[in-house]
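Reviewing the structure listed below.
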Amino acid sequence: MGSKRIDPLVALAPSQGKRRVFLLDEAELLAREGANALLKTLEEPPPAAVIVLVSASEHRVLPTIRSRCQRILFRPLDDEAMQRWAALPDSPLAGLDEADAAWILRFAAGSPGLAALAAETNLLRWRDALEPLLDRVETGQPAPSLGSTLAALVDDWAAAWVKAHAGASKEAANHRAASLLFRLLGQRAQRALESAEGRPRCTAAALARTGALSQAEAWLASNVSPKLVFAWLAGAWGQAERSPCRALFRPPLAVLS
């Protein structure tokens, strides 16, 4: 629910229970205009209203918004707790085979919500589509479809999300899909880094790929064309094996122009 829709509603008395609760997910996506419109409500909320802002990127929420909120940190669950959650009869992971469930739990890294999202939106399809291509480029073999595959997975996920959720923002869905993709790729680079001990070239390649992900994320945040960014990222992923790190960060054509 956007800030402009919340403002006229927070003053209404609750029809059931003692309070009205308003949830703003991905609060870091609030534009400055919307955030400023929300400030007065946050400064002087009606006594029966609770406004919850959720963000996985707190540093991207405007300081004026952060300063008016009580910060509540949610820490990841440990492996044992995640296993217990996954074993519940109504878990979204129920019915998956052991290898698929293990992949989702590793991807979620202690977040039941993220595990549920991965299962419900079939991120296993991303794994199946990307791993053969990534294996090829990481061993010096060509995979010309990697960039277009990255872009298509993000676009398809966002389109399906908007179709399944009335009123959902395509921009927010694109952002969420890209974040999921960067998480998947980042975890792969991190595992490579952890296994590269004593092998300087492998360490350098993993670090270069991690840096490439950060650069790609920054360009997407600057509204560079996703197709260009993912094409660049696919090239940088392969070049990491043989190029100095600094050579990877030449911007895509849209930035140069």
Modelled FRET efficiency - R0 30 Å, ARG191 with ARG75, Cβ distances, 0.05 increments = 0.85
Rounded to the nearest 10, the angle in degrees between the Cα long axis of helix 98-108 and the longest principal axis of the Cα atoms of the chain comes to 70
Lysine-lysine proximity count for the chain, Cα under 22 Å, sequence distance 8 or more or distinct chains | 4
Order of ARG201, ARG188 - criterion: other Cβ atoms within 10 Å of each residue's Cβ, fewest first = ARG201, ARG188
Treating the angle as unsigned and between 0 and 90°, give the value, to the nearest 10°, between the Cα long axis of helix 226-239 and the longest Cα principal axis of the chain.
-> 40
Which whole-number percent is the relative contact order of the chain (Cα, under 8 Å, 6+ apart)?
-> 12
Before rounding to the nearest 500, sum -39500 (n - 2.57) across all DSSP H runs of length at least 4 in the chain and divide by the residue total; then give [θ] at 222 nm in deg cm²/dmol.
-> -18000 deg cm²/dmol
Among GLU171, GLU194, GLU44, which one shows the biggest mean-square fluctuation in a GNM of the chain, springs joining Cα atoms closer than 10 Å?
-> GLU44
Give me the percent of Cα-Cα pairs in region 3-66 that sit more than 15 Å apart, rounded to a whole number.
-> 49
Bin width 10 Å, alpha-carbon pairs only: give the P(r) of region 72-163 as whole percents, running from 0 to the bin holding the largest distance.
-> 15, 38, 31, 15, 1
Counting other Cβ atoms within 10 Å, which chymotrypsin sites (Phe, Trp or Tyr not before Pro) in region 63-111 have at most 13 and lie in a DSSP loop?
-> PHE74
Sorted by Cβ density within 10 Å, fewest first, the residues VAL229, VAL54, VAL10 = VAL54, VAL10, VAL229
Please give the contour-minus-distance gain from GLU58 to SER15: 0.36 nm per residue of separation, less the Cα-Cα distance, rounded to one decimal in nm.
-> 12.3 nm
What label, among [x] 1.26; [y] 1.15; [z] 1.20, belongs to Cα Rg over 2.2 N^0.38 Å computed from the structure on display?
-> [y]
Can you grab the distance from the C-alpha centre of region 139-210 to the C-alpha centre of region 69-128, Å, no decimals?
-> 18
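Values in this text are rule-based calculations from the coordinates and carry no lab data. All values derive from a computational prediction rather than experimental measurement. Every residue, glycine as well, gets a Cβ built from its backbone with ideal geometry; the counts of neighbours run over all protein chains shown.
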